[in-house]
Amino acid sequence: MHEHEKAKRIYKALDAFRIEMPSWGFANTGTRFGKFLQPAAATSLEEKFADAGEVNKLTGISPDLALHVEWDLPNGAKDIPAIRRLEKEHGVRAGSINPNLFQSQEYKYGSICNPDAEIRAKALDHLLTSVEIGKQLGSRDLSIWIADGSNYPGTQSIRRRIEWMQEILGAVHTALCREQRMLIEYKPFEPAFYHTDIADWGMAVELARIAGPQARVLVDTGHHYQAQNIEQIVAWLLHLDMLGGFHFNDRRYADDDLTLGSIDPYQVFRIFHEILTDAPDKVAEIAFMIDQSHNLKGKVEAMIQTVCTAQELYARAALVDRELLAELQQSCRLVEAEECFRGAFWEDVRPFVKAWRKERKLPEEPLRALAESGYVERITQERQEKNACAGSSYA
Ligand code: RM4
Ligand code: MN
Ligand code: MN
């Protein structure tokens, strides 16, 4: 492929590529065992917006910030005017709305699958509040992660719990306005260790279908068993028109929430390839979101690394010669097909990405620009005292 053809393909792909950041990725978050506090971590929603604004200023492709209702809107819809102000001030919009059905003591035996009808009603109420918040903020996606499950065989009725879930997700769907979608996330285990009510993409897709036409599946790349072929799941969801979006992170063992591409960049490339093969014009309908927690690395730095890694891997996937590949696949020329495919993965796209940034008046190297800006030193100064006595909430 000629250099100018490469540039053309990469520029076209990058012009359409945006990735949303999680508000909780800027706060001090914990491991299962404790929290290591960082002096520069965001201690308020205002600081989360400020950090997100800084990342977006330097990368130009991350204008949305996912919000977590419990952590970011403790007063529910009453917090919306403050969020609108922050959006304006920092040039970042409120992104997906994430209800929280996993922290309250009442949810010990489940939220929307709890055998107690009153607790299920409370969970539904929180979901409806989240729909309302999404409506008022003009946010498209409600990302639902249900932590429900059980720890010992025979202690819960898996079947009854499916029925309760269907009922509640249906009621949430009814409350959506036309522009809203609900994304259903799945996860095989943790916090439950025997059965999880939405454990895999099959369960998620079925629940989404039953809930209604505006429901889709959310693929968190960390929520799979070790050897699972995630791009095949993505291909199936695209085929069924049920792919709502991603929570990107990487993992070595389980739901590690490590930086995207830090362990297996080839997998991210393979996922992007499926999307670009099937739905290059529908990319805007797929929510690319980050869901990571950086316990050891600086948070703003790690977020910039992630955004740039996603962008570079997307650019590499854009370089696959899909016409040629289709021919090679059809005639079963396996080695040539594989070389055509992974040849794109091995391309160093960084010079193209840098040139793309330069044309858009963005820093060519966002991470270096961050280091030169003094931003991290400034927030360290401003926040270290507050962080020394940080509270106990997860984010
Ligand atoms: C879960 C899941 C959710 C995220 C929480 C904090 O494992 O990935 O999407 O909101 O963690
Ligand atoms: Mn997630
Ligand atoms: Mn997770």
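Considering only residues in segment 281-291 that are over 8 Å from the mean Cα position of the chain (by Cα) and touching a residue at least 60 places away in the same chain (Cβ under 8 Å), the one that is surrounded by the fewest Cβ atoms within 10 Å (Cβ to Cβ) turns out to be 284. Would it be correct to say that residue 376 is among the β-branched types (Val, Ile, Thr), crowded, with 20+ Cβ neighbours inside 10 Å and outside any loop (DSSP other than H, G, I, E, B)? So residue 376 fails the test.
With the requirement that a residue be outside any helix (DSSP H, G or I), basic (Lys, Arg) and within 18 Å of residue 385 (Cα to Cα), what does segment 23-68 give you?
35
Quick check, is residue 9 among the basic types (Lys, Arg), modelled with pLDDT of 95 or more, open to solvent by 20 Å² or more (accessible area, probe 1.4 Å) and in contact with a strand residue (DSSP E or B) (Cβ under 9 Å, 6 or more places away or on another chain)? The answer is no for residue 9. Taken together, the residues in segment 218-250 that are within 16 Å of ligand 3 (Cβ to nearest atom) and under 25 Å from residue 151 (Cα atoms) amount to 10. Per the listing 233, 263, the residue uniquely in a loop (DSSP other than H, G, I, E, B), among the β-branched types (Val, Ile, Thr) and either within 15 Å of ligand 2 (Cβ to nearest atom) or out of contact with any Cys (no Cβ under 9 Å at 6 or more places or on another chain) (or both) is 263.
If you go through segment 69-114 and keep only what is assigned to a strand (DSSP E or B) and either small (Gly, Ala, Ser) or surrounded by 22 or more Cβ atoms within 10 Å (Cβ to Cβ) (or both), you end up with 94, 95, 96, 97, 98.
Restricting attention to segment 324-361, the residues that are touching a residue at least 24 places away in the same chain (Cβ under 8 Å), aliphatic (A, V, I, L, M) and surrounded by 17 or more Cβ atoms within 10 Å (Cβ to Cβ) total 3.
The set of residues in segment 18-41 being among the aliphatic types (A, V, I, L, M) and open to solvent by 10 Å² or more (accessible area, probe 1.4 Å) consists of 37, 40.
Selection of segment 182-227 for residues being within 16 Å of ligand 2 (Cβ to nearest atom), over 18 Å from residue 249 (Cβ atoms) and among the basic types (Lys, Arg) yields only 216. Scanning segment 120-155 for residues that are assigned to a helix (DSSP H, G or I), open to solvent by 70 Å² or more (accessible area, probe 1.4 Å) and not polar (S, T, N, Q) yields a count of 4. The condition of being within 14 Å of ligand 3 (Cβ to nearest atom) and surrounded by fewer than 20 Cβ atoms within 10 Å (Cβ to Cβ) holds for only one of 185, 190, 179, that being 190.
The values are calculated or read from the model by the stated rules, or taken from the named source; none is laboratory data. Since we're looking at a predicted model, the values are computed, not measured. Reconstructed Cβ throughout: ideal geometry from the backbone, glycine too, with neighbour counts over all protein chains shown. Ligands, DNA and RNA are stripped out before the accessible areas are found, and what is left, the full protein with its side chains, is counted by its heavy atoms. Shrake-Rupley method; radii C 1.70, N 1.55, O 1.52, S 1.80 Å.
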